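Coordinate-derived values only; no laboratory data. Given the structure is predicted, the values throughout are model-derived calculations rather than measurements. Cβ placement follows ideal geometry from the backbone for every residue including glycine, while neighbour counts extend to all protein chains displayed.
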Amino acid sequence: KIMWEKCGMARNEQGLKEAIQEIQDLRKEFWSDVRILGSADGFNPELDKAGRVADFIELGELMCVDALNRNESCGGHFREEYQTEEGEALRDDENFMFVSAWEYQGESQWNLNKEPLEYENIKIAQRSYK
C-alpha cells in the first residue's frame, strides 16, 4: 500500500520521503514481530517466505530512494515537480542519462553507481503525447 500510494506512476518528493520512513518503520515492526513456524531440521518454506518479505521491504525502500534521487520525469515514472507547462513529463537527459546500479552498504544505505547510457541509433528527445 505504501508503494502504491507514494511510489507509483505519479510521485512527488514529499510522498517519497514519507514512504521511505514508513517502510523503515515497517521493517522494524516486521523484524520485531516475525514468527517462523516449522523446524530447522530441513527445508522450511515459512522461513523462505519470511526472507522474501524482508527482501521486498528492502527493495521497496530502495525503489523510493532511487525515485527520490532522480529529479526528472522519464518514461512511465512521473515526478509531479518535473513537468512541462502542458503537464507532460520533463526529462533531464544532461544529468540523468544513466542506469542506476545501487550497491548495498548496510541497512538503509546504498551507494549509487552510474552506468552511462549511450545511444547510437536513436535520437533522445522530449516527448509530447498531446
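Only lysine pairs 8 or more places apart, or on different chains, with alpha-carbon atoms under 24 angstrom apart are counted in the chain, and they number 9.
Note on segment 17-130: Rg/Rh from Cα positions, Kirkwood definition for Rh, rounded to two decimals, is 1.12.
The H on the amide N of Trp102, modeled in the peptide plane, is under 5 Å from the matching H of Asn113, each at least 5 residues off or on a different chain.
The loop-placed chymotrypsin sites (Phe, Trp or Tyr not before Pro) in segment 37-124, going by DSSP, that have at most 13 neighbouring Cβ atoms within 10 Å of their Cβ come out as Phe43, Tyr119. Angle, helix 45-69 long axis vs. longest principal axis of the chain, Cα atoms, 0 to 90°, nearest 10? Result, in degrees: 30. Shown here for segment 1-40: chymotrypsin sites (Phe, Trp or Tyr not before Pro) in loop regions (DSSP other than H, G, I, E, B) with at most 14 other Cβ atoms within 10 Å, of which there are none.
Loop-resident GluC sites (Glu not before Pro) (DSSP state other than H, G, I, E or B) in segment 44-111 with no more than 15 further Cβ atoms inside 10 Å of their Cβ: Glu80, Glu81, Glu85, Glu86, Glu88, Glu107.
Note down the relative contact order for segment 1-103 as a percent, whole number, built from C-alpha pairs under 8 angstrom at least six residues apart. RCO, segment 1-103: 30 percent. Helix 13-33 axis versus longest C-alpha principal axis of the chain: approximately 10°, rounded to the nearest ten. Once the Cα-Cα distance is subtracted from the 0.36 nm per residue extended length, the Leu47 to Lys114 segment shows a gain of 20.7 nm. Only one residue of Phe96, Ile122, Phe56 has its Cα farthest out toward the positive end of the dipole of the chain, where Lys and Arg carry +1 and Asp and Glu -1 on Cβ, and that residue is Phe56.
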